[in-house]
Amino acid sequence: MKYALLIYSKPGSHEALPEDEYKEVFGEYAALVDDSRCIASGQLQPVETATTVRVQDGRTLTTDGPFADTKEVFGGYYVFEADNLDEAIELAGRIPAARLGGAVEVRPVVEH
């Protein structure tokens with residue numbers, strides 16, 4: 001089954017790291033991409049670049065910024081092929097944001 005691992009980072013958490021630790025952390029992200037179970041991944045531009053779209057009364061409305069104001073920011077994702085939820089959770093636990101004040105949401109992907 002495919003699982004999406006949605007990464008929510010604490011703003012500034014990665015940038016606050018000493019340079020050598022910062023490089024190590026991004027090496028951990030790269031290692032996950034190299035895992036043979038990784039199907040896709042992506043890093044998003046900073047939250048300040050977000051545009052939220054709503055349609056109301058037939059009109060398209062846009063707002064600068066993210067949909068919700070939260071303490072963590074959706075910053076990227078991985079899609080992994082995993083045998084079960086436990087395996088997906090183990091992979092999510094390897095994502096540095098999870099230990100740097102953020103969170104990783106694990107969700108099964110609906111395949112059509």
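Read-outs: derived from the displayed coordinates by stated rules, not from any lab. Bear in mind that the values here come from a model prediction, so they are computed numbers and not experimental data. Because the Cβ atoms are built from the backbone with ideal geometry, glycine has one as well, and the counts that use them run over all protein chains shown.
Things worth noting here:
- Between the residues 74, 46, 56, the greatest Cα displacement towards the positive end of the dipole of the chain, with unit charges on the Cβ of Lys, Arg, Asp and Glu, is found for 56.
- Dipole axis of region 2-108 (+1 Lys, Arg; -1 Asp, Glu on Cβ), positive-most option in 26, 95, 11: 11
- When only Cα pairs below 8 angstrom with a gap of at least 6 residues are kept, region 28-67 shows a relative contact order of 30 percent.
- For the chain, the dipole from Cβ point charges (+1 on Lys and Arg, -1 on Asp and Glu) about the Cα centre works out to 420 debye, to the nearest 20.
- Angle in degrees between helix 19-34 and the longest Cα principal axis of the chain, rounded to the nearest 10: 90
- Reach of residue 2 by Cα under 13 Å, taken over aspartates and glutamates that are not fewer than 8 positions away in the same chain: 81, 83, 86, 87, 111
- Remark: C-alpha extents of region 2-108 on the principal axes read 45, 36, 19 Å, sorted largest to smallest.
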